[in-house]
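What follows is calculated from the coordinates using simple rules that are stated; it is not laboratory data. Remember, predicted model here, so these are calculated numbers, not experimental data. Here Cβ is always computed from backbone atoms with ideal geometry, including for glycine, and neighbour counts include all displayed protein chains.
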Amino acid sequence: MKYTDIKNLGFKSNEWLGSLGFYREEFEILGKCLAEVANKNTREEALKGVEHFQNQLEVQNRNIDAYIRRIKTYQHFCAEDVKAHAGKVNVSLDKDQEELERDLLFFEERIKQLREEFNLFLVKWM
């Protein structure tokens, strides 16, 4: 088996957790914007949009929770491997990292699309 230094794998996971924390904070701000739209508009179309985006934010927050669990599980496996191999990590864990990275890139693309849709909604109803 091939091994690599834990630093090579650990840096990315900490970066991902930071990004997910940022998105969670951003969603809180977007939720406040939605509440403001709901307070200012009683038209059915506006309220349907508010409900749609509230649902989207809820779904994405659940996705964030799931990604955090996956990342922490990945970190745990890395830590266990470090203990078992004198400070080194099996490079097969690189594949897990690559899969996580692909999934997170897809998630970030979805967030970008959601932001664009949200901004158009705000322009229309604020």
- What is the count of Lys pairs in the chain whose alpha carbons sit under 18 Å apart, if the two are 8 or more places apart or on different chains? 18
- Extension gain, Lys12 back to Lys124 (0.36 nm per residue minus Cα-Cα distance, nm): 36.5 nm
- With r defined as the distance between the Cβ atoms of Glu58 and Gln113 and R0 fixed at 22 Å, what FRET efficiency is calculated, to the nearest 0.05? 0.85
- Please report Cys78, Cys33 as a ranked list, fewest other C-beta atoms within 10 angstrom at the top and most at the bottom. Cys33, Cys78
- With 0.36 nm assigned to each residue of separation and the Cα-Cα distance removed, His76 to Lys48 gains 5.9 nm
- Label of the coordinate-derived value, Cα Rg over 2.2 N^0.38 Å, listed as [x] 1.14; [y] 1.57; [z] 1.40: [z]
- Task: For every helix of n ≥ 4 consecutive DSSP H residues, a contribution of -39,500 (n - 2.57) applies; sum these over the chain, divide by its total residues, and give [θ] at 222 nm rounded to the nearest 500 deg cm²/dmol.
- Result: -32000 deg cm²/dmol
- Query: When the chain is modelled as a GNM with alpha-carbon springs shorter than 10 Å, which of Glu109, Glu44, Glu15 fluctuates the most?
  - Reply: Glu44
- The residues Tyr23, Tyr74, sorted from fewest to most surrounding Cβ atoms within 10 Å, come out as Tyr23, Tyr74
- Percent relative contact order of the chain, based on C-alpha pairs within less than 8 angstrom and at least six residues apart? 43 percent
